[in-house]
Amino acid sequence: MISKRLPAPRVNEWVRSMMDDGWRVIGPVFAGEMTLFSVITSPEQLVLSKDLARKSPKGAVFPQSEAILKYRQKDGKVEVDDIEGFAPPTVLLGVHPCDAASMDILDKVFGGRYQDKFYIKRRENTVIVSLGCEGKLDDDCFCTSVGLTPDSRKGADIFTMRDESGDLYLEVLTEKGEKLVANDPTLFSPAEPLPARDWSGESLPFDLAAVKGWLDEHFDDEFWRDLALRCQGCGTCAFLCPVCHCFDITDETRLGEGVRRKNWDSCQFGLFTKHASGHNPRNDQSARFRQRVMHKFKYYADNFGSTLCVGCGRCVRSCPAGQSLLEVLTEIGELAKAPSAQGAE
């Protein structure tokens with residue numbers, strides 16, 4: 001591991017240097033009253049803030065909509081053209097630890113048993129520079145309950161922290177990170193390694209293992225019916241989440257030629273599981289909300305050995321109905337402790 005220091009006045013120089021070297025730089029920028037991840041056209045746009053951007057940066061590697069092939073009808077046949085996909089060299093700057101950790105989770109989905117060439121190429125061409133939090137962002141943040149910390153290095157190529165003056169301290173963690181820093185080494189000076197902070201005393205609102213154990217045994221439970229009374233099935237939670245990855249594939253055809261596109265979707269939408277026959281195996285919001293919780297804290301764990309959640313709290317802050325996943329998990333954790341939790345339904 002290499003430790004570096006970047007003075008605050010030279011942060012914009014670093015961004016400009018990357019842009020001049022041909023990198024597409026994506027970072028948090030102001031968009032009205034919100035902070036969003038966007039392509040930076042000027043270093044002054046970058047907002048290195050303790051606040052979490054409204055949307056996650058997953059769109060940089062998993063776009064909300066992308067073409068995956070083109071086709072056309074000719075002489076009674078269909079001709080198909082492959083698409084290489086858009087994957088320029090990219091630096092993701094100012095990514096909080098929860099968002100950086102989400103990339104490892106997505107890797108298992110799109111780069112595991114089933115290989116998504118579009119995603120894999122973008123990940124290979126992306127360098128992640130994370131920005132550590134000084135502590136939990138607010139009461140809706142629960143990263144420590146899902147195995148992370150406000151200064152987690154997971155998923156980052158370069159981990160940074162700021163001091164009171166705004167100087168950046170860098171830990172260069174991967175070969176990709178080393179190459180990025182080596183592009184303009186005169187900007188940096190050597191630094192001592194960042195001191196490790198012990199988060200073991202952090203109060204956890206729920207026990208992740210206990211939640212998983214309860215879910216293993218309670219697929220059919222009145223708990224799900226009662227919860228779904230509030231859920232509107234709007235999909236806000238999924239579209240803001242850094243690790244939700246449901247998608248749909250549609251064909252857009254006009255005058256004998258068209259494009260096949262992959263678009264974000266959500267298990268919270270009624271049409272997501274509706275069959276062509278009209279049958280829907282999840283025909284009410286109770287089943288759909290249960291699927292969201294089960295997928296994140298049981299099914300993904302069964303398949304990949306980790307949790308499909310980084311505790312960023314975006315779904316809690318933005319739910320129009322005030323449905324809090326954190327409260328749901330806390331309640332499940334309490335149910336798991338109850339004596340009746342050991343018995344059968």
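A short reminder: the numbers here are calculations on the coordinates, not readings from a lab. Please read these numbers as outputs of a predicted model, since none were measured by experiment. Glycine gets a Cβ as well: all are built from the backbone with ideal geometry, and neighbour counts include every protein chain shown.
Tell me the relative contact order for region 208-342 as a rounded percent, counting alpha carbon contacts under 8 Å between residues six or more apart. Write out the running numbers ahead of the final one.
Values: 153 pairs, mean separation 42.5, N = 135.
Averaging sequence separation for qualifying contacts and normalising by length gives 32 percent for region 208-342.
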Simple spin-label estimate for L229/A191, 7 Å along Cα→Cβ, in nm, reads 5.2 nm
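Express the relative contact order of the chain as a whole percentage, based on alpha carbon pairs under 8 Å and six or more residues apart in sequence. Working shown, then result.
Values: 599 pairs, mean separation 73.0, N = 345.
It rounds to 21 percent for the chain.
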So for R0 = 35 Å, FRET eff. of L255-N283 from the Cβ-Cβ r, to 0.05, ends up at 0.40
Note on region 208-342: alpha-carbon gyration tensor, axes a ≥ b ≥ c; rule is a/c under 1.5 for rounded, else prolate if a/b larger than b/c, else oblate; result prolate
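Might you report the magnitude of the Cβ-based charge dipole of region 246-320 about its Cα centre, with Lys and Arg at +1 and Asp and Glu at -1, to the nearest 20 debye? Mind dumping the intermediate values first?
Working: 13 positive and 7 negative charges, 64 e Å.
In total the dipole reaches around 300 debye.
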Highest mean packing first, using Cβ neighbours within 10 angstrom, the peptides 102-108, 81-87 sort as 102-108, 81-87
For region 268-345 the trypsin sites (Lys or Arg not before Pro) that pass both the DSSP coil test and the at-most-13 other-Cβ-within-10 Å test are none
Pseudo-spin-label distance E124 to L69, built 7 Å along Cα→Cβ, given in nm, is 2.1 nm
Placing each pseudo-label 7 Å from Cα in the direction of the beta carbon, D20 and S203 end up separated by a distance in nanometres of 5.1 nm
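Taking the Cβ of each residue in W14, W23 as the centre, tally the other Cβ atoms inside 10 Å and list the residues starting with the fewest.
Numbers: W14 24, W23 21.
The fewest-first ordering by Cβ neighbours comes to W23, W14.
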Computed for region 106-248: size of charge dipole around the Cα centre, +1 on C-beta of each Lys and Arg, -1 on C-beta of each Asp and Glu, debye to nearest 20, value 740 debye
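Take every Cα pair under 8 Å in region 268-345 that's 6+ residues apart, average their separations, divide by the length, and report that relative contact order as a whole percent.
Details: 40 pairs, mean separation 10.8, N = 78.
Answer for region 268-345 is 14 percent.
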Ordering 169-178, 247-256 by per-residue average of other C-beta atoms within 10 angstrom, highest first, gives 169-178, 247-256
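With runs of 4+ DSSP H residues as the only contributors, calculate the mean residue ellipticity of the chain at 222 nm using -39,500 (n - 2.57) per run, divided by the residue total and rounded to the nearest 500.
Values: 11 runs with 94 residues, N = 345.
Rounded to the nearest 500, the figure is -7500 deg cm²/dmol.
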